[in-house]
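The values are calculated or read from the model by the stated rules, or taken from the named source; none is laboratory data. Only a predicted model underlies this, so the values are computations on that prediction, with no experimental measurement involved. So basically every Cβ, Gly included, is an ideal-geometry build from the backbone, and we count neighbours across all protein chains shown.
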Amino acid sequence: MLSRLSEHWPALEKQILEERRIRSDGIARDDPIRVPVDLLSPIKRVSDEIIHTQALAYLLSPSEEHGLGKDVLSAVLMKLPGRRGAAKIAALLNQKRVRVDVFPEYRYSIEGSPARSADRNDIRIELHSNKNAALIIIENKIEAPEGKGQFRSYEAEARKWCKRNRGQALLVYLAPDKRERDEWLSLTYLDLASALRHVWQRRRSASGHSWLGLYISAITSGVLGININRLQDTTIEEIDAYLGRGLR
């Protein structure tokens, strides 16, 4: 069996390299995945979860001066697996009179006290219209471990919010690899990079376009270690995911 496999391996390896080359050749020279510099590596912050949280919260907020509007949040919602619950929130987001508030490093208030609890959402997004409301909580993990009872606490707070506001909640677990939890939707950093690239392609005249490209590079080369110029180190699946092929 091994001898037969080794007999066919050179042709198979050649085919894989050719498929990688074809996909790579289709990526423009100015694409963020090809840029040799990025936003965070020079300042030694490429794995800093707080920095990534702040960067992503900035991009997700339609009111910031990046000029990307709601596009980043919309693109991220489109990447969620099965889009369970995300489609309704996307519809709410697309309404003309909807307020979107984005809070990085959000700490919960303690009832009856001016203090805030130790529990902290990495990114908390609230959407409100005249008749509807929605909450998105994004938990961002790159290297830090999960805290004991951390996710259960967030789930309980989300349920309270939904009851008070008669809305719905979406819980998103962002990490370099796929993370499975019962009430949480997994969003990988590669899918995030793909979502951001989609916006980067569409909004080239936006004031934050160059900044967005450098941040995408920080994800692909810094967090994920992808070097598109070294085909032997980049899988076909990674390239396809980045290009947004086979969207969920």
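How about region 143-154: which of its residues are more than 20 Å from the chain's Cα centre (by Cα) and part of a helix (DSSP H, G or I)?
Filtering region 143-154 for residues more than 20 Å from the chain's Cα centre (by Cα) gives 147-150, 152-153.
Of everything in region 143-154, those that are more than 20 Å from the chain's Cα centre (by Cα) and part of a helix (DSSP H, G or I) turn out to be Q150, R152, S153.
Residue count for region 222-239 satisfying the condition of being among the hydrophobic types (A, V, I, L, M, F, W, C) and either modelled with pLDDT under 75 or under 11 Å from L17 (Cα atoms) (or both): 2. Looking only at residues in region 174-187 that are out of contact with any Leu (no Cβ under 7 Å at 6 or more places or on another chain) and in contact (Cβ under 8 Å) with a residue 24 or more places away in the chain, which one is nearest to S129 (Cα to Cα)? By that ranking, first place goes to S186. In summary, helices (runs of 4 or more DSSP H) completely within region 166-248 and bearing 1 or more residues that are in contact with a strand residue (DSSP E or B) (Cβ under 7 Å, 6 or more places away or on another chain) and buried (at least 19 other Cβ atoms within 10 Å of the Cβ) occur at 189-202.
Restricting attention to region 68-99, and to residues there that are of a type in the set (D, E, K, R) and in a helix (DSSP H, G or I), which single residue is nearest to the chain's Cα centre (by Cα)?
K79
Looking at region 55-65, can you tell me whether even one residue there is at pLDDT below 95, farther than 14 Å from V199 by Cα and crowded, with 20+ Cβ neighbours inside 10 Å? No, that holds for no residue. Taking the criterion of being assigned to a loop (DSSP other than H, G, I, E, B), of a type outside the set (D, E), more than 26 Å from R120 (Cβ to Cβ) and touching a residue at least 24 places away in the same chain (Cβ under 8 Å), the residues of region 30-67 that qualify are V35, V37, G67.
Looking only at residues in region 129-142 that are more than 17 Å from the chain's Cα centre (by Cα) and crowded, with 17+ Cβ neighbours inside 10 Å, the one that is nearest to P104 (Cα to Cα) is A134.
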